[in-house]
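Some notes on the structure that comes next.
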Amino acid sequence: MAAVIERIDSLEQTVQDFVRNADVQFNRLYNSQLQTEAELRLFKDEMRVFKDEMRVFKDEMRDFKDETRRQLREMNKKWGELSNKLGTLVEDLVAPSLPRIIEERLNEPAYDLMVRLKRRLPDGRVKEFDALVVTPDCVCLNSTKATLRSGDVDGFVADIAEFRTFFPEHDALPLVGILASLSVEKNVLTYAEKQGFLVLAVGDELMEVKNRPGFEPRRW
């Protein structure tokens with residue numbers, strides 16, 4: 001459905017370009033000495049009708065696009081709920097979205113994606129992380145919860161503090177924390193941003209960033 005929305009956007013732009021060009025052509029014709037006043041008046045009336053019809057068409061396309069986007073979000077949400085029941089939320093929705101989001105928001109190529117990292121230390125301590133993406137300049141660590149709460153944000157801060165103890169091979173790069181969930185309440189999102197985390201939830205393209213525009217995540 002995302003491809004359908006893109007095609008509708010392209011169609012709307014084509015219509016706008018056509019109307020704009022028609023206006024230019026009309027102005028040229030209107031100012032021409034070679035046309036009779038009656039012809040110009042008729043052409044002007046036809047253009048008015050055409051522009052009214054195009055306005056209705058654009059409104060209908062906008063409504064259709066909004067409905068398509070709503071259906072897409074609803075489908076992704078249901079898929080997320082099913083994945084959560086199956087215990088595959090990370091694999092089905094979050095992990096496939098991480099490289100795209102990291103490249104878009106951090107301008108970093110994601111060349112190494114690992115899911116369900118688990119390591120045991122010689123002293124018997126065990127730690128598991130949901131997903132990890134390595135870029136040339138940072139490490140992006142993900143924690144995914146079906147329902148994200150403020151306590152999960154605090155827990156992720158503690159996880160990050162322990163990460164390099166379990167994975168010292170990533171000591172050289174700064175770390176970016178990414179929290180993901182099916183949906184995020186505003187107060188939890190605000191709290192997560194204060195801690196410096198990117199926050200993801202179900203959107204048009206599986207998962208989408210919920211942080212405010214221009215938000216820059218903390219490098220740990």
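Within segment 191-204, being loosely packed, with under 14 Cβ neighbours inside 10 Å and more than 21 Å from residue 155 (Cα to Cα) holds for no residue. The combined condition, being surrounded by 13 or more Cβ atoms within 10 Å (Cβ to Cβ), out of contact with any helix residue (DSSP H, G or I) (no Cβ under 6 Å at 6 or more places or on another chain), among the aliphatic types (A, V, I, L, M) and not in a helix (DSSP H, G or I), is fulfilled by residue 173. Each residue in segment 191-203 was checked for being assigned to a helix (DSSP H, G or I) and either touching a residue at least 60 places away in the same chain (Cβ under 8 Å) or charged (D, E, K, R) (or both), and 2 pass.
You will find that of 118, 145, 65, the residue that is modelled with pLDDT of 85 or more, at negative phi, of a type in the set (Lys, Arg) and surrounded by 16 or more Cβ atoms within 10 Å (Cβ to Cβ) is 145 and no other. Remark: pairs (first residue in segment 205-220, under 21 Å from residue 94 (Cβ atoms); second residue part of a loop (DSSP other than H, G, I, E, B) and modelled with pLDDT under 90; Cβ separation under 7 Å; 6+ apart in sequence or on different chains) = 210/184. For beta carbons closer than 8 Å, sequence separation of 6+ or different chains, a first residue in segment 101-113 that is of a type in the set (Ser, Thr, Tyr) and a second that is part of a strand (DSSP E or B), the qualifying pairs are 111/134.
Suppose the filter is assigned to a strand (DSSP E or B) and either surrounded by 15 or more Cβ atoms within 10 Å (Cβ to Cβ) or assigned by TED's automatic domain parsing to the domain that holds residue 96 (or both); does residue 188 pass it?
Taking the combined requirement at face value, the residue does not satisfy it.
Going by the structure shown, is residue 128 surrounded by fewer than 17 Cβ atoms within 10 Å (Cβ to Cβ), among the acidic types (Asp, Glu) and part of a loop (DSSP other than H, G, I, E, B)? First the steps, then the outcome.
Working: surrounded by fewer than 17 Cβ atoms within 10 Å (Cβ to Cβ): yes; among the acidic types (Asp, Glu): yes; part of a loop (DSSP other than H, G, I, E, B): no.
It is false that residue 128 is surrounded by fewer than 17 Cβ atoms within 10 Å (Cβ to Cβ), among the acidic types (Asp, Glu) and part of a loop (DSSP other than H, G, I, E, B).
The values are calculated or read from the model by the stated rules, or taken from the named source; none is laboratory data. What you are looking at is a predicted structure, and each value in this text was computed from that prediction instead of being measured. Don't worry about glycine lacking a Cβ; one is built from the backbone with ideal geometry, like all the others, and counts go over all protein chains shown.
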